[in-house]
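Heads up: the structure comes next, in structure tokens.
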Amino acid sequence: MRPVALAKSRTLPLGEPWRALVPDAGLRRGSTVVVEAPVGLGGLSLALSLLSEASAQGHWAAVVGVDDPGVVAMVELGLDLRRVLFVPRPRGAWAESAADLLDGVDLVLVRPPSRAGLVAARRLMDRVRERGTVLIALSEPRAPWPLPADLFFRVTQAEWVASSKLDARYLTVHVSGRGEAQRGSEHVVVVPNRRGRAEAN
Amino acid sequence: MEQLLAVWVDALALEAPDGSTLRDTLSLLDALDAMCPFTEAVRLGLFVLPLRGPSRFFGGDAAVLAMVRQCVLDVVGGAPRRGVAEGLFCAELAAHREVIVPRGASDAFRRAQPLEVLGRKDLTTTCQRLGLHSVGAFADLERARVGERFNKHALTLHRVARGELSELEGQRDPRLARRLAQLRGEEEFFDEQQGFFGQRGAGDDRAEAAAHRVRRRLGADAIAVATLRGGRGPEDQGALVPWGSPESKTRDLAPWPGRLAAPSAATTLAHPAPVQLRDAANRPVVMDARGALSAEPAAVLFSSPLRREVVWHAGPWPLVERWWARHRRRAHLQLVLATGEALLMVAESSQWWLVGIYD
């Protein structure tokens, strides 16, 4: 059931294992989160897992620039697909699409198809602050997000555990941010686990 | 046409009100499938499996027949009727008659059957008046004459009688696969997804307005919603459909058996990419009819000169899809590359496709 009213609280809820690893135990409205991971090493799963709790609690989310999202994986991660919009191939207009959506949804996950330019990044982050929404930018080390983020997740290592099939992936993630979280800390988390969810190690 | 082993289990043909029939059907299906991949429950009481693969694997038709009989005895308690013939229609008849029709003889076997096997009394009576008593005699009638004399349904039966269709209408219960899947508890996973706008709220209005803006900017198909639908692989189950399109309002959900277990790939390619799998000697890795690999995969070659070392693999897990209609066999394979990336592949008639990335 949809929550009757979503009070505009200062933060959007985060699920496990992230709640325990970030200041405020949630995603601060108006903030930009950057997830950086080498290609194929869990960045997309991690970024989607940041959306799941808010989505499950009734918030709208949008995913821009993810060409072929694994819809089943998203359900396993806990997203509510009834309230997720996709712009799979925004081509040159990824920043504009993200900006449009920032007006209408609470969280926007964006994966720029090419290196994000400084101007586009700044404009988006300004709009996020204005609107009180949350931007999650997914990037790679060779094409980093050009501005400092409020919260920064960097995947440094990914290791699969397998039996007769792929079971779970252990991600080593460096979490840093502004203020108290500036120095950062390193954590090993499981994304996804045997049920396709994210959890603490 | 492929030789099928049909297994008729009398005790499972009529559904008991306590649900035990469906449970036993599922147990038997799993037990048979563990031995002979591609086994299918066609309808209550009737199971079929392609004979060739298991026969080569277990050392002959007789060995497979014996194992299947023992398997049914172990799971259900009573002995099954078994028969072998080409095509579902002939295979079921062979099971009821408990005969093994030699390869290539299914045509003669079918033609020799009495007309009653087509399951239409009116047709049988009319044909008998014309002096036609066997399926073969009916098959030899000219199509135009059948059309004149009988109804449309008879034309389909005529095609079955001629061997142009391998399966009788109604022979298969299309709901059985779904019911078995539900019994497995998979419906819990696919908990009901409602339409795009169920109960409306302010958030929905804002989201809709934003979606309209994106659509004006990028075109009608640019903004999408996700849908879940029936399919064995995650690449078949999930899809994006244009926002506001009819499909986006009625999102269908149909769990199927044989779904790959979680976790699923975070990227599933809407257009699978052809790739090559190579073994340690750089020979192509192929999957045989039994669903076994010719060798351990050692490398995967993408369309570009890109070559990646494979350090681990699991599967293949077969997918059974309308193989009675077309000889289409697919199987899933998971790979982990030396780079740490995990991929989901599908084999289809000796071609490999990249369908998912666990990214």
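Derivation of every value follows stated rules applied to the coordinates shown; laboratory data play no part. Remember, predicted model here, so these are calculated numbers, not experimental data. Positions of Cβ are backbone-derived with ideal geometry, glycine not excepted, and every protein chain shown enters the neighbour counts.
Quick notes
- Over the protein assembly as shown - Rg/Rh using Cα atoms and the Kirkwood inverse-distance radius: 1.06
- Cβ-based exposure ranking for A:SER52, B:SER294, B:SER264, in which fewest neighbours within 10 Å come first: B:SER294, A:SER52, B:SER264
- Amide H within-cut-off set for A:GLY104, under 5 Å, with H built and near neighbours excluded: none
- Sum of side-chain charges, B:ASP74 neighbourhood, beta-carbon under 13 Å (Lys, Arg +1; Asp, Glu -1): -1
- Helices in the protein assembly as shown, meaning DSSP H runs of at least 4 residues, each add -39500 (n - 2.57). Divided by all residues, the mean residue ellipticity at 222 nm is -8500 deg cm²/dmol.
- Of the residues A:VAL134, A:ALA120, A:ALA98, the one whose Cα sits farthest towards the positive end of the charge dipole of region A:11-155 is A:ALA120 (charges of +1 on Lys and Arg Cβ, -1 on Asp and Glu Cβ, taken about the Cα centre).
- Taking every residue in A:30-40 and counting other chain Cβ atoms within 10 Å of its Cβ, the average works out to 2.
- Cβ neighbours within 10 Å from other chains - mean over B:71-78: 0
- With neighbour counts taken as other beta-carbon atoms within 10 Å, the residues B:LEU73, B:LEU12, B:LEU293, B:LEU4 rank, fewest first, as B:LEU73, B:LEU293, B:LEU12, B:LEU4.
- For region A:11-155, convex hull of alpha carbons as volume per residue, Å³: 95 Å³
- Region B:35-91-region B:100-155 distance, computed between alpha-carbon centres (Å): 27 Å
- Centroid-to-centroid separation of region B:1-30 and region A:134-201 [C-alpha atoms, Å]: 47 Å
- Counted by neighbouring Cβ atoms within 10 Å, the residues B:CYS127, B:CYS71, B:CYS90 run from fewest to most as B:CYS71, B:CYS127, B:CYS90.
- The C-alpha radius of gyration of chain B, expressed as a fraction of 2.2 N^0.38 Å, stands at 1.19.
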